[in-house]
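Throughout, read-outs are computed from the coordinates displayed, never taken from laboratory work. As the structure is a computational prediction, the values presented were derived from the model and not from experiment. Cβ placement follows ideal geometry from the backbone for every residue including glycine, while neighbour counts extend to all protein chains displayed.
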Amino acid sequence: MAARLILNADDFGLTRGINRAIAELYAAGALTSATLMANGPAFQDAVAIARAHPGLGVGCHIVLCDGTPLLPPETIPTLLGHDGRNFRVNNTDFAIAVQRGHVSPSEMERESLAQIHKLQAAGIAVTHVDTHKHTHILPRVARSVLAAAQAAGVRAIRNPFEPRWSLALSNSPLLTRLKLRLLSHLRPRFLAIPQIRNGSIATTDGTIGIAATGSLNAAMLRALLHALPHGLWELVCHPGYNDLDAIATRLRDTREIERAALLSTFASPTPLKLIDFSKLPREPSA
């Protein structure tokens, strides 16, 4: 059996240029899924695109750092940065606060649920959840996000761990690869969370392209796909047109490189079976 692969673009709803690229890639057969930011500046434009392309799987890209919450700030004080209005900007600061027990699990769950509900209220059939900057790689965050997903009836989540063979193919900085390799020790704890363990919320065998974020070009994409073993995988990507002048992000010109890489790579038929998260096998809740 050919490997099954989800082609997922993050940051849907961040800008109109990103939304346009996602629509074009889906129409070209070079994308199967995207995760929508409930607090993105181009949210309504993304919703219109999702409605116009019902075959595109749309998940919720839950933001718990580097963004603005949906809930009133006074109801989620432990999630906020120094200004008392926005999330912590730096994901390392967020991770340290979580590990020290300074971030309320209840607040993470309620904010995650609010973001999922916003998509559902807009008519989006949410296929899955993932998190901005992969914050649910931390078990305490994953448990809150999974509780929110279950409460909202969402039945799949990104597996935030990249396999070693994929890390080895990345030309990302050595420090990035070492960090991701060290974080891989958390994988058993992720898989042991009840919703994952009992199959009530499905996930993949792993995610490729995490380490390559910001450096994913056509050559690297083809190398990753050539090495893909049998199983069920997700490719995470960040394609777009660069209209990000007003957005604080390191991913600018690289979004156009990724868009071109996806278009050229999937211009020809592939032996891979391309799916979205709605096609993941599931088991009933225990």
Distance from the Cα centre of region 67-94 to that of region 237-272, in angstrom? 29 Å
Volume of the Cα convex hull of region 28-128, divided per residue and given in Å³: 112 Å³
Given Cα positions, please report Rg to Rh for region 54-192, the hydrodynamic radius being the Kirkwood one. 0.98
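I'd like the Kirkwood hydrodynamic radius of region 128-283, using the inverse of the mean 1/r over distinct C-alpha pairs, in Å. Could you put the intermediate results ahead of the total?
Values: mean 1/r = 0.0602 Å⁻¹.
Evaluated on region 128-283, it is 16.6 Å.
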Amide H neighbours of I208 under 5 Å, counting only residues 5+ apart in sequence or on other chains, H built in-plane at 1.01 Å? E234, L235, V236
Provide the net charge surrounding R158, with neighbours chosen by a C-beta distance below 10 Å and charges set as Lys +1, Arg +1, Asp -1, Glu -1. -3
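Only counting other Cβ atoms within 10 Å, I'd like I116, I18 sorted with the fewest neighbours first. Don't jump to the answer; show the numbers that get you there.
Details: I116 24, I18 31.
So the residues, fewest neighbours to most, are I116, I18.
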Filtered hits (lysines, Cα-Cα < 17 Å from K133, offset >= 8 within chain) -> K179
Suppose every K and R has +1 on its Cβ and every D and E has -1 on its Cβ; what is the size of the dipole of region 135-286 about the Cα centre, in Debye to the nearest 20? 580 debye
Count the DSSP beta bridges whose two residues both fall in the chain, then state the antiparallel fraction as a percent rounded to the nearest 5. 5 percent
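With viscosity set to 0.692 mPa s at 37 °C, what whole-number translational diffusion coefficient in µm²/s follows for region 4-279 from Stokes-Einstein and a Kirkwood radius over Cα pairs? Let's see the in-between values first.
Details: Rh = 18.6 Å.
Calculated translational D: 177 µm²/s.
Taking the Cα centre of the chain as origin, work out the dipole magnitude from +1 charges on Lys and Arg Cβ and -1 charges on Asp and Glu Cβ, in debye rounded to 20. Walk me through the numbers before you get to the answer.
Values: 29 positive and 22 negative charges, 153 e Å.
In total the dipole reaches around 740 debye.
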Out of E74, E111, E24, any idea which swings most in a Gaussian network model of the chain, alpha carbons joined below 10 Å? E74
Per-residue ellipticity at 222 nm attributable to helices in the chain (runs of n ≥ 4 DSSP H, -39500 (n - 2.57) apiece, nearest 500 deg cm²/dmol) works out to -11500 deg cm²/dmol
For A156, other-chain or 5+-apart residues with amide H closer than 5 Å (H placed, Pro excluded) are V129, A202
Cα-centre dipole for region 116-202 with unit charges at Cβ (Lys and Arg positive, Asp and Glu negative), debye to 20: 260 debye
